[in-house]
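Below is one structure; the comments refer to it alone.
The values are calculated or read from the model by the stated rules, or taken from the named source; none is laboratory data. None of the values given here were measured: they were computed from a predicted structure. Here the Cβ positions follow ideal geometry from the backbone for every residue, glycine too, while neighbour counts run over all protein chains shown.
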Amino acid sequence: MTGTAKVLPVSGSPRTWWRRRGYSALGTVYGAFVLLFYLVFFLLPFGTAIWLSFHNWDFLTNPKYVGTRNFVKAVSDNYFWQALKVTATFSVFEIAIGVSLALLLALMLNQMKGKWQNLFLSLYYVPVVTPGVVSIYLWRWLYRPTGGAFNTFLASLHLPEQQFLNSPTQALWCIIAFVVWANVGGAAVILLAGMNDVPEHLYEAAKLDGAGFWRQFFKITMPLIRPVLAYQLVVSVIGTVQMFDVFFLMSGPGFSTRTLALYTYQLGFQSLNLGYGAAVSIIIFLLLLIATVVQLQRYQVTWEY
Amino acid sequence: MAAVNRSGVVLKPRQSRLRRLIVSGRWVDLVIGLLLAIFSVAMFYPFAWLIFSSFKTGEDIVRVPVTLLPQKWTLAAYRMVLDPNRANLPQAYLNSILVSTGTVLAVLFTSSLGGFAFARLNFPLKRYLFYFILSTTMVPFLTLLIPLYIVVKYLHLLNSLWGLIVPSFFSSFGIFLTRQFVYGIPSEMYDAAKIDGSTDFMIYRSIILPLTKPVLSALAIFNFLGSFNAFLWPLVVLNDENKMTLPLILRRMADRFGGTDYEGVMAGSVLVSVPPLIVFLIFQRNFVRGIALTGMKG
């Protein structure tokens, strides 16, 4: 075949060409399967999401091209801004409270001996491994305004009873408290692992120089666990923005706890406004992408691949 | 006055126990331990309600004011949720276990082979393929949700357990993690085995698989918990109650019993939490190590 000879300057059959490149049969077969899988279950849906966001489709009639109208609609859609506000509030406060608490716990755990450290760590980790649906229904039960455990507890302290999830102003904070409870153990474990990697001799040297606890914390611990902290923040942002089940199953009155994730689901699967749902989900993707890049730049973390 | 003993060594004056505790700094540890213990109690408070409430009777659980402990201990709630006429819990157990083990086995196989292939083998488009796989992790699942549903629908996997297993057959994170780990295995081992006439698959089975065990066990734990506790994707894919996994069945039960028989929801919740908790208890040691291993390299 002259065609092949042109492409490959070295003469020879395709078989020797294959050998010379050192291609492995196992690797090639694997590569083909990986490619097929990611084409079908990633590139195809991702492409479809982008395509859908420029169309209107309700699953039944033919999709109609509408240009950028879905994105324009999002900008003027009050429900969209409301959902964005709820998402941002939830994300910011959950992360601020959750990561600070995890940092405090990790610091205290770091002072403990191995056996105790492991025990406490395992206890804090139990909510992380408990299925989300279980803890959501449990907390919904505890949050009940009449006869709920939390109000009973408040009453025993002679404090006024609260509406919790039934109140449009309290519902989001109740959800934040729940999510902090559910996730703080996971964050504490990761931060503690970061603290364990800080070489002991740095602390010894600091002690010899007369540095106190806080000085050691701000001058040694914090700078050295920075990459871990940055990783935890990035993961938390991605996780909280995408969180779905708690808002779906523990929703407050009206739209007071409807996030972008829930809005996307409702647009796609309940009001069958697939095009607009896809547009909202693309906006989420872009927001997360920007947030991730900004955070990584800020913390100047380089990922080694 | 410091006493001097017969050999001339100056003895310190006897300190009180409290003073010794303060000087040695041990009291700090004590206070920290106490704080951590109080925090543990706060963390476990909701679970105490879950467990005790599941042994309550129907009227006991809605009594005002509520008490943590049951007035009368009963297993009625457990009998209720295990009654096939009232809840489909045993079938959901089977479904959940099938999906989780299927997913874990698939991910372990594809990740270990992928880690090996991308780290040591040579094949066309290798580099581009790897960066492509890495870039997929930047796209949130939420963006893929609606179109992935359409894809799975066209593949006729809707309302089937395969619809849960097949889309998670490969894990970008798993491939990436195992690849990092395989880089740590000396390539001389691979070369030596190659010279001895081993095929790539023999090397994968006899060298790579045993040596990547730590990273594979961490992957197994996280993938098991992830697929066992998953809610959104199963919610979208499954309609038929006989196909549902445990989290979905629990939601059904909450809708059905939630009004009058909340003790049933509690008993169901306890039963749903058992498998992940067992996995956690068994691998508790590996857990922390696994997080250190997977979290740090992320």
When you scan the stretch B:178-193, how many residues do you find that are assigned to a helix (DSSP H, G or I) and surrounded by 14 or more Cβ atoms within 10 Å (Cβ to Cβ)?
8
Residues satisfying the stated conditions in the stretch A:78-127, i.e. of a type in the set (D, E, K, R) and without any contact (Cβ under 8 Å) to a residue 40 or more places away in the chain:
A:Lys85, A:Lys113, A:Lys115
Looking at the stretch A:139-172, which of its residues are in a helix (DSSP H, G or I) and in contact (Cβ under 8 Å) with a residue 24 or more places away in the chain?
A:Trp139, A:Arg140, A:Leu165, A:Asn166, A:Ala171, A:Leu172
Subset of the stretch B:48-59, residues under 17 Å from A:Arg144 (Cβ atoms) and at pLDDT 85 or above, comes to B:Ala48, B:Trp49, B:Leu50, B:Phe52, B:Ser53, B:Ser54, B:Lys56
Failed item in (1) within 27 Å of the chain's Cα centre (by Cα); (2) farther than 21 Å from A:Pro253 by Cα, with A:His158 passing the rest
(1)
Condition check for B:Pro124: at the interface with another protein chain (Cβ under 7 Å from one of its Cβ atoms) and either in contact (Cβ under 8 Å) with a residue 12 or more places away in the chain or part of a helix (DSSP H, G or I) (or both)
no
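Can you list the helices (runs of 4 or more DSSP H) lying wholly within the stretch A:215-305 that have 2 or more residues being among the basic types (Lys, Arg)?
Numbers: elements: A:226-242, A:245-249, A:260-265, A:274-299.
Answer list for the stretch A:215-305: none.
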With (1) facing chain A (nearest Cβ under 8 Å); (2) assigned to a helix (DSSP H, G or I); (3) modelled with pLDDT of 95 or more as the list, and B:Val152 as the residue in question, which single condition is left unmet?
(1)
Looking only at the stretch B:66-88, count how many residues are aliphatic (A, V, I, L, M) and either under 30 Å from A:Ser156 (Cβ atoms) or modelled with pLDDT of 90 or more (or both).
6
Picking from A:Trp173, A:Trp139, the residue that is of a type in the set (Phe, Trp, Tyr), surrounded by 14 or more Cβ atoms within 10 Å (Cβ to Cβ) and within 14 Å of chain B (Cβ to nearest Cβ) would be A:Trp139
Can you confirm whether the stretch B:84-101 contains a residue that is among the β-branched types (Val, Ile, Thr) and at the interface with chain A (Cβ under 8 Å from one of its Cβ atoms)?
no
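Condition test on A:Gly194, is it out of contact with any Lys or Arg (no Cβ under 6 Å at 6 or more places or on another chain), at pLDDT below 90 and small (Gly, Ala, Ser)?
yes
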Hey, A:Ala106 more than 7 Å from chain B (Cβ to nearest Cβ), buried (at least 22 other Cβ atoms within 10 Å of the Cβ) and either among the aliphatic types (A, V, I, L, M) or part of a helix (DSSP H, G or I) (or both) or not:
yes
Of B:Leu94, B:Leu108, B:Leu142, B:Leu113, the only residue that is over 29 Å from A:Ser281 (Cα atoms), without any contact (Cβ under 8 Å) to a residue 24 or more places away in the chain and assigned to a helix (DSSP H, G or I) is B:Leu94
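Based on this model, can you work out whether B:Phe228 counts as assigned to a helix (DSSP H, G or I), more than 8 Å from chain A (Cβ to nearest Cβ) and within 27 Å of the chain's Cα centre (by Cα)?
Taking the combined requirement at face value, the residue does not satisfy it.
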If you check A:Val128, A:Val66, A:Val72, A:Val134, which single one turns out to be aliphatic (A, V, I, L, M), surrounded by 15 or more Cβ atoms within 10 Å (Cβ to Cβ) and more than 14 Å from chain B (Cβ to nearest Cβ)?
A:Val66
Selection count where residues are more than 8 Å from chain B (Cβ to nearest Cβ) and surrounded by 18 or more Cβ atoms within 10 Å (Cβ to Cβ), scope the stretch A:34-55:
3
Restricting the stretch B:127-139 to residues that are β-branched (Val, Ile, Thr) and in contact (Cβ under 8 Å) with a residue 12 or more places away in the chain, which is surrounded by the most Cβ atoms within 10 Å (Cβ to Cβ)?
B:Ile133
Of the residues that make up the stretch B:105-121, is at least one small (Gly, Ala, Ser), farther than 20 Å from B:Ile278 by Cβ, within 30 Å of the chain's Cα centre (by Cα) and surrounded by fewer than 21 Cβ atoms within 10 Å (Cβ to Cβ)?
yes
Options B:Ile195, B:Ile175, B:Ile208; residue that is out of contact with any Pro (no Cβ under 6 Å at 6 or more places or on another chain), at the interface with chain A (Cβ under 10 Å from one of its Cβ atoms) and closer than 27 Å to A:Leu26 by Cα
B:Ile175
Which residue pairs have Cβ atoms under 6 Å apart, sit 6 or more places apart or on different chains, and have a first residue in the stretch B:182-201 that is hydrophobic (A, V, I, L, M, F, W, C) and a second that is at pLDDT 90 or above?
B:Val182/B:Gly115; B:Val182/B:Phe116; B:Val182/B:Ala119; B:Ile185/B:Leu211; B:Met189/B:Ile207; B:Ala193/B:Ile203; B:Phe201/A:Leu26
Conditions first: (1) more than 19 Å from the chain's Cα centre (by Cα); (2) modelled with pLDDT of 95 or more. B:Gly197 passes all but one, so which condition is the exception?
(2)
Here's a check for you: in the stretch B:50-65, which residue that is at the interface with chain A (Cβ under 7 Å from one of its Cβ atoms) and surrounded by fewer than 20 Cβ atoms within 10 Å (Cβ to Cβ) is nearest to B:Ser273 (Cα to Cα)?
B:Val62
If you scan the stretch B:67-81, which residues turn out to be without any contact (Cβ under 8 Å) to a residue 12 or more places away in the chain and not in a loop (DSSP other than H, G, I, E, B)?
B:Arg79
